[in-house]
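Note sheet for the following structure.
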Amino acid sequence: REPREPREPREPRSRQKPTPRSASFHTHAQPVHGIAACALPETFFFDRKKNGERVSVGSFAVATAGWDGDAQVHVFTDFEDCDAVTKQKHRRVDLCATHTLRGHAAGLYACAFSSPMSPTFLATASGDGSARLWDASGLWRGDLSEPFSSVKSEKKKNPKSPKTAFPCVACLRGNDGEVNGVAFDTEKSFFSHESGDSPVAPASLAAATDSGAVVFWDVASATRVSTAVGHADAAYGACFFGHEPNALVASVSFDKTCKVWDRRGTANGETRSVSCVATLTGHDDDVVGVDFCSKTSTLATGSDDGTVRLWDTRVWRCLEVLEAPHAGAQVKRVRFSLDGTKLVTAGGDGVAKTFALRKKNETAGGVRFSKNAEREATTLRGHADAVFDAAWVPNRGGRLIVTAGHDAAWRVWDLEEGG
C-alpha cells in the first residue's frame, strides 16, 4: 500500500458554555429599548423558611424603558438560599415590587440611574422630544420589604394629583427632536452607606438628540447650559469620562462616528462652550452603543455594522475590532463591567454576549479582547427578538446582568448559575 498522507491536526473542539440561568419578565406592552441597574443598601427581610429569623439580604433595582411610553422601576432582593432536600446552597433573586412611571407622550428609548449605588435620580429619554428626571431617592430611603404605591392605584384615589414613589421633578424639552439617549455625570460614582457618606448628587445630564446635538442640562435648576453640535446625523448615545471631573463626553451617531467633547470652556452668560477634541471613525454604519471604562482609559462602541471597537482615550486610536460578535447582526448598546475585565454586548440576533478583556501589558494603555474572546464568550440566549440594551448589576461581582429586548421582555441573568 502507498503510505497515507499525514492528516492535518484537528483544532480542539471548543466546549460550548451552558446558557446562564435567567428570569424573564413581561411588564411592558411593547418592546423594551432601555435598561439600567443600581445597587441598594443592605436591608432586612423576614424569611419564614429560616425558622422566623431575620435574614440580611442584598437589594438592587432595575429600571426599564418601553416603547409603550412607560418607565418602570423593579426592586429585587438577592440572597443565599438553601434547598430543603439537597441542602445545597444557591443564590436566589426575587422581585419584590414594580412601579410604573408615566408622563411621556411617546415611546422611550433609554433610561439611566444617576449613580450605580443608591441613586438620587432616574432619567428617561423619549420620542416625544423630552428627557424627564424622576426622584429615585425612595429606593434607598424607603422600606423595600413593602411595595411602594404605584401611579395607577393612586390615580384612582386622586386623579388630579397622582402620587408615586418616583415623582417627576423636571421635564427637559428643547427643539432638538426625539431624545435617544441620556447620561449622568455621576453614573459611575460610588459611595458607602457604612461610612456615613451621602449619595452623590449629579450636576449634569447629557441628552443625545435626533438633531445630532448633545444637549447638557443642569440637574439642580433643570436648565440647558450648553450644546455640542457637530454630528451630521442623529446622536444616539453619550457617556461622561475624563481625568478632570467629567470634563469629557463621548457621543455616538448615525453619521457612523463617535465624537469626544470637552466641556471645560469659559462660561458665556448662562451657557458654556463645548469643543470637539476628537472624531473617531472606522464604523461603516450607525453607531448606537458607547461606554467608557475609567480603570483602563478605554472607550467601547457598538455599531449596526456588526462590530465592536475598543479605543485608547489617551491617544484616540482604535485598539481592536471585534468583527462579528453577533454573527454579522447589528450590535446595539455595550457596557463595561465595573472592574473593567468584561464587556457585554446587545445584539440584533436576539442574544447578549459577555467578552473577557485583557491588558496587553502593565504599561500599555487600554485593553484588548482576550485571545479566544469569541470562543470563550458567554452567550445569553432567551429573547425572541433583538436585544437592544444590557447592563451589569453593581456590587454583584459581575454575576448578574439585565437585558432589554424587542420581544417586550426584559431578563435578569445569573452568570454563575447554568441553565
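Taking packing as the residue-averaged number of other Cβ atoms within 10 angstrom, the listed peptides 249-256, 292-299 run from highest to lowest as 249-256, 292-299.
Taking θ as phi - 60° and the Karplus parameters 6.51, -1.76 and 1.60, the scalar couplings of the range 319-333 work out to 8, 6, 10, 8, 5, 9, x, 10, 6, x, 6, 4, 9, 9, 7 Hz in sequence order, x denoting glycine and proline. A simple spin-label model places pseudo-atoms 7 Å from Cα toward Cβ; at residue 375 and residue 203 they are separated by 4.8 nm.
Since every read-out is calculated from the coordinates, none of them should be taken as a lab result. Values in this document were obtained by computation on a predicted structure and should not be read as measured data. Positions of Cβ are backbone-derived with ideal geometry, glycine not excepted, and every protein chain shown enters the neighbour counts.
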